[in-house]
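Student: Structure in structure tokens, see below.
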Amino acid sequence: MIAAALCITVGAQIVSLPVRRFTLQWQHTVEKVLWEEDYLVAGDWLLLERARVLGSGAGMEPPPDAVREGQGWSYRPADRWRRSVVLARSEFGDDYRLCTQGDCRPLSGLIAARGPATLTSCASAKSG
């Protein structure tokens with residue numbers, strides 16, 4: 001059995017992380033509200049298991065089935081399966097953070113290249 005791994009691609013640079021689960025964090029550039037998404041690397045896919053938004057604001061309303069947790073909202077998105085997740089990484093906001101086993105790091109600390117990043121299962125990167 002091949003171990004699960006997450007591939008991060010920026011330009012021509014690719015970094016592989018041997019993880020099965022990860023959390024993606026970012027702060028909304030205008031509202032300054034923290035968002036989090038929990039993913040599972042599942043074969044060729046990424047499964048979005050749960051999402052949280054710690055607050056609300058213009059265009060950031062939680063879905064109707066969201067549950068209040070602490071200062072924010074938690075929910076399971078309707079469209080959960082992803083072939084890839086593309087991150088714009090705007091120069092106007094903080095970098096995305098990737099958390100694995102309680103350790104959170106900015107993407108810039110994991111991959112040196114600047115610009116938009118694409119997250120995929122390394123299994124799909126090899127087969128595609």
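The values are calculated or read from the model by the stated rules, or taken from the named source; none is laboratory data. Quick caveat, the model's predicted, so the values are computed rather than measured. All Cβ positions, even for glycine, are placed from backbone atoms using ideal geometry, and neighbour counts span all protein chains on display.
Student: Please specify each residue of the stretch 67-119 satisfying the condition of being assigned to a loop (DSSP other than H, G, I, E, B), of a type in the set (S, T, N, Q) and within 21 Å of residue 42 (Cα to Cα). Explain how you work it out, then say what you get.
Tutor: Here is the first cut: in the stretch 67-119, the residues assigned to a loop (DSSP other than H, G, I, E, B) are 70-71, 76-80, 83, 88-96, 101-102, 110-116.
If we keep only those that are of a type in the set (S, T, N, Q) too, we end up with 71, 90, 101.
Result: 101, single match.
Student: How many residues are surrounded by 13 or more Cβ atoms within 10 Å (Cβ to Cβ) and among the aromatic types (Phe, Trp, Tyr) if we restrict to the stretch 92-120?
Tutor: 1
Student: Shifting gears a bit: Of the residues 97, 114, 80, only one is within 18 Å of residue 16 (Cα to Cα), among the charged types (D, E, K, R) and touching a strand residue (DSSP E or B) at 6+ places or on another chain (Cβ under 6 Å); which? Outline the logic, then answer.
Tutor: Working: 114 fails: touching a strand residue (DSSP E or B) at 6+ places or on another chain (Cβ under 6 Å); 80 fails: within 18 Å of residue 16 (Cα to Cα).
Criteria check complete, one pass: 97.
Student: So, in the stretch 14-46, of the ones that are in contact with an Asp or Glu (Cβ under 9 Å, 6 or more places away or on another chain) and among the aliphatic types (A, V, I, L, M), which residue ends up farthest from residue 98 (Cα to Cα)? Please lay out each step first, then the result.
Tutor: Here is the first cut: in the stretch 14-46, the ones in contact with an Asp or Glu (Cβ under 9 Å, 6 or more places away or on another chain) are 21-27, 29, 37-40.
Then drop every residue that is not among the aliphatic types (A, V, I, L, M), which leaves 24, 40.
Numbers: 24: 5, 40: 13 Å.
Filtering first and then ranking leaves 40.
Student: Which members of the stretch 76-128 meet the condition of being modelled with pLDDT under 90 and acidic (Asp, Glu)?
Tutor: 91, 94
Student: For the stretch 14-66, give me each residue that is over 19 Å from residue 124 (Cα atoms) and β-branched (Val, Ile, Thr).
Tutor: Within the stretch 14-66, 23, 29, 30, 33, 53 meet the criteria.
Student: Out of (1) under 12 Å from the mean Cα position of the chain (by Cα); (2) under 29 Å from residue 3 (Cβ atoms), what's the single condition that is false for residue 20?
Tutor: Here residue 20 meets the rest and fails (1).
Student: Go through the stretch 10-48 and give me each residue that's hydrophobic (A, V, I, L, M, F, W, C), under 16 Å from residue 93 (Cβ atoms) and modelled with pLDDT of 95 or more.
Tutor: Going through the stretch 10-48, the residues hydrophobic (A, V, I, L, M, F, W, C) turn out to be 10, 12, 14-15, 17, 19, 22, 24, 26, 30, 33-35, 40-42, 45-48.
After this cut, where a residue has to be under 16 Å from residue 93 (Cβ atoms) as well, the list is 24, 26, 30, 33-35.
Passing the criteria: only 24.
Student: Quick one: count up the residues across the stretch 15-53 that are more than 19 Å from residue 105 (Cβ to Cβ), touching a residue at least 12 places away in the same chain (Cβ under 8 Å) and outside any strand (DSSP E or B).
Tutor: The total comes to 7.
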